Amino acid sequence: MSTNHMLKGSCLCGAVTYAVEDAFRYALNCHCTDCRRATGSAFKPLAGIEAEKLSLTSGSGNVLRYGGEGPEESHDVHCATCGSLLYSIVQKGTRANVSLGTLLDAPSIRPSMHIFVGSKAPWYEITDDLPQHERFP
């Protein structure tokens, strides 16, 4: 990893921890059905970064991987004990979408838009002024 400021993250129970550079490329709120189901929430606030800028710092044996099996296949990384969704590996293994709610430190980036609002939860109303996109822009 480079010398950029590092952020710490953890699952709910603390069994799995990670470090990630505070060098995110984007941050957004995803309202797609998969993100809603994975988080149990109306949307998933996430920030994307190159996968090599994120590393597990403890609990690698307590990780539950959900999704593709190969190194280049998209998958979610959860804690096997508490179930927290820590991050998703996407774009053929090159990008990590970090669940912002699992960060222990505040990142310098903030969500800049809502995506997949065409499939958002019908009981949730977006009340901020961020741009809204039916799909991924």
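The values are calculated or read from the model by the stated rules, or taken from the named source; none is laboratory data. Just so we're clear, the structure is a prediction, and the values are computed from it rather than from any experiment. A quick note on method: Cβ atoms are made from the backbone with ideal geometry, for glycine too, and the neighbour counts reach across all protein chains shown. Remember, those area values only see protein heavy atoms, side chains included, never the ligands or the DNA or RNA. Shrake-Rupley method; radii C 1.70, N 1.55, O 1.52, S 1.80 Å.
Quick look at the values:
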{"item": "Conditions (1) more than 24 Å from PHE116 (Cα to Cα); (2) part of a strand (DSSP E or B): number failed by LEU86", "result": "(1)"}
{"item": "Filtered residues of the stretch 69-79 (kept if without any contact (Cβ under 8 Å) to a residue 24 or more places away in the chain and open to solvent by 30 Å² or more (accessible area, probe 1.4 Å))", "result": "GLU69, PRO71, GLU72, GLU73, SER74"}
{"item": "Selection within the stretch 109-129 - out of contact with any strand residue (DSSP E or B) (no Cβ under 9 Å at 6 or more places or on another chain), assigned to a loop (DSSP other than H, G, I, E, B) and open to solvent by 40 Å² or more (accessible area, probe 1.4 Å)", "result": "PRO122, TRP123, TYR124, GLU125, THR127, ASP129"}
{"item": "Tally of residues being closer than 27 Å to PHE116 by Cα and either in contact with a Leu (Cβ under 7 Å, 6 or more places away or on another chain) or β-branched (Val, Ile, Thr) (or both) across the stretch 28-58", "result": "9"}
{"item": "The stretch 26-57, subset without any contact (Cβ under 8 Å) to a residue 60 or more places away in the chain and part of a loop (DSSP other than H, G, I, E, B), residue least open to solvent (accessible area, probe 1.4 Å)", "result": "SER41"}
{"item": "Every residue from the stretch 89-108 that is open to solvent by 40 Å² or more (accessible area, probe 1.4 Å) and either closer than 25 Å to LEU12 by Cβ or not in a loop (DSSP other than H, G, I, E, B) (or both)", "result": "ARG95, GLY101, LEU104, ASP105, ALA106, SER108"}
{"item": "Residues being under 19 Å from PRO107 (Cα atoms) and not small (Gly, Ala, Ser) - total across the stretch 17-46", "result": "15"}
